[in-house]
Amino acid sequence: MTEEFVPRETDPRVPSSARIYHYYLTSEPVFDSDAVFAERMFEIVPWADEWAHHNRNFLRRAVSFMAEQGIRQFLDIGSGLPTGGNTHDIARAIDPKSRVVYVDLDLEAVDRAHDLLAAQDVLDTTAVIEGDLRTPQHLLDHPDTRRLLDFSEPIGLLIVSVLPFVPDEDRPGELIAHLRDQLPSGSYVALSHASMAEAPAEILDKLQEANTLYQQTSDPITSRNREEFTRLLDGFELVEPGVVFAPDWRPDEKGAVDPQDPARRCNFAAIGRKPTTADQGS
Ligand SMILES: C[S@@+](CC[C@H](N)C(=O)[O-])C[C@H]1O[C@@H](n2cnc3c(N)ncnc32)[C@H](O)[C@@H]1O
């Protein structure tokens, strides 16, 4: 695990996962290169925007779930460009005193989030850090993390649709374990992970093509299967219903997503809870 955070420079000619995802969700390009890339993706997988909305809806349900469990402080790593239903909007709707620290590697995501938090006048309870999941101690030691998060109380950790951008050589399991070990007992983690492993056979070649195209971005993708995804949650107790496709994680309305929807089977999701000593004794 590297210790020193190396900031990433923005190259407007090279699309980034943050900006492409923002285009899927909003149709608003940041740079032309992002729109060109996303439109090419729509030609290959026309439901890429639906996939993104399913993922974003999982994030929304994960924050609501954690807040309902009493979580009042969140560390959202790989938070992306702000759009509707940001973590702090959801958490603050349940308790305006909720605290949120956002982290992203993409400068456009960091700058826009900071502008939004300043415009909403919520910088006393929220912050955004330029940081990298691959240097977790930098995030944990950051003055804004220490100012806003109380490590003696449970924390909601969100790493939603970020791990595909962490290749195996960067040891994603160790990164999560490092964060887990420093979280207080009773904390939660929400993960989602794009995957081709259980996608319908008839779209596999399209997904492979899309995956290859992502090699041209600043964030190439690693697909992981259900077992590899589940292993990332080692040391956490899985909350019901366990590891499922993102739209199936406690959907707002049963049957809201068509089981035949090709976007449904391409994203694993789960929430885990760090056990307390009382849990272990029972
Ligand atoms: C697909 S977006 C997901 C955004 C948000 N979490 C969501 O689910 O709606 C992936 C985000 O992860 C960020 N990211 C990728 N690798 C990262 C890393 N190593 N550390 C921090 N952020 C990272 C990207 O910049 C991008 O904003």
Checking Gly156 against (1) over 18 Å from the mean Cα position of the chain (by Cα); (2) open to solvent by less than 10 Å² (accessible area, probe 1.4 Å); (3) small (Gly, Ala, Ser), which test does it fail? (1)
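Which one of these is at pLDDT below 95, in a helix (DSSP H, G or I) and either within 16 Å of the ligand (Cβ to nearest atom) or acidic (Asp, Glu) (or both): Glu174, Glu202, Glu227?
Exactly one residue qualifies, and that residue is Glu202.
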Among the candidates Arg99, Arg72, Arg147, Arg92, which residue alone is in contact with a strand residue (DSSP E or B) (Cβ under 9 Å, 6 or more places away or on another chain) and surrounded by fewer than 17 Cβ atoms within 10 Å (Cβ to Cβ)? Arg147
Out of the residues in region 123-144 meeting the condition of being within 25 Å of Ala93 (Cβ to Cβ) and open to solvent by less than 50 Å² (accessible area, probe 1.4 Å), tell me which one is nearest to the ligand (Cβ to nearest atom). Ile129
How about region 145-167: which of its residues are within 15 Å of the ligand (Cβ to nearest atom) and in contact with a helix residue (DSSP H, G or I) (Cβ under 9 Å, 6 or more places away or on another chain)? Thr145, Gly156, Leu157, Leu158, Ile159, Val160, Ser161, Val162, Leu163, Pro164, Phe165, Val166
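The values are calculated or read from the model by the stated rules, or taken from the named source; none is laboratory data. Keep in mind that this is a model prediction, so the values were computed, not measured. Methodologically, a virtual Cβ is constructed for each residue, glycine included, from the backbone with ideal geometry; neighbour enumeration extends over all protein chains shown. Side chains included, ligands, DNA and RNA excluded: accessible areas come from the protein's heavy atoms. Shrake-Rupley method; radii C 1.70, N 1.55, O 1.52, S 1.80 Å.
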